[in-house]
1. Hey, among the residues in segment 72-84 that are open to solvent by 80 Å² or more (accessible area, probe 1.4 Å) and part of a helix (DSSP H, G or I), which one's nearest to residue 23 (Cα to Cα)?
2. For residue 12, only one of the following conditions fails: (1) at pLDDT below 90; (2) open to solvent by less than 60 Å² (accessible area, probe 1.4 Å). What is its number?
3. Provide a single number: the residues in segment 36-57 that are in a helix (DSSP H, G or I) and touching a Leu at 6+ places or on another chain (Cβ under 8 Å).
4. Go through 50, 63 for me and flag whichever is in contact with an Asp or Glu (Cβ under 9 Å, 6 or more places away or on another chain) and either open to solvent by 40 Å² or more (accessible area, probe 1.4 Å) or of a type outside the set (Val, Ile, Thr) (or both).
5. Which residue is farthest from residue 14 (Cα to Cα), if the candidates are limited to segment 29-47 and must be open to solvent by less than 40 Å² (accessible area, probe 1.4 Å) and among the hydrophobic types (A, V, I, L, M, F, W, C)?
Amino acid sequence: MGSVGTGKLRNQPVDDRGTNETEGRALIKHLRDRGFEGNDEMLAVALGRPLAEVQGWTGGAEPVDDDVIMKARGIAKERGIEIE
């Protein structure tokens with residue numbers, strides 16, 4: 001997939017639905033804002049990921065992966081939050 005942490009994010013599909021990194025970050029931010037009061041820490045707990053990783057996604061510094069996109073979609077569905 002390429003190297004992580006290089007500071008350069010590619011806008012390649014990250015899941016089987018064709019979600020790219022920009023769309024994935026937008027999805028995560030939308031879930032955070034609508035379901036977790038805009039709080040990265042609360043979202044990190046729900047996703048089972050470190051706060052720094054969530055902040056990297058929401059800040060655009062880290063690439064998202066298919067696992068986090070699947071988890072975010074599942075959490076949104078459970079909470080009745082509409083996401084694309």
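1. Taking segment 72-84 and keeping what is open to solvent by 80 Å² or more (accessible area, probe 1.4 Å), we get 77-79, 82, 84.
So of that shortlist, the ones also part of a helix (DSSP H, G or I) come out as 77-79.
Numbers: 77: 17, 78: 20, 79: 20 Å.
Per the criteria, the residue is 77.
2. Exception for residue 12: condition (2).
3. Residues that pass the stated criteria total 5.
4. Only one candidate passes the filter, namely 63.
5. 36
The values are calculated or read from the model by the stated rules, or taken from the named source; none is laboratory data. Remember, it's a predicted structure, so these values are computed and weren't measured experimentally. As a convention, Cβ positions derive from the backbone with ideal geometry for all residues, glycine included, and neighbour counts pool all protein chains shown. To get the accessible areas, we keep the full protein, side chains included, count just its heavy atoms, and leave off ligands, DNA and RNA. Shrake-Rupley method; radii C 1.70, N 1.55, O 1.52, S 1.80 Å.
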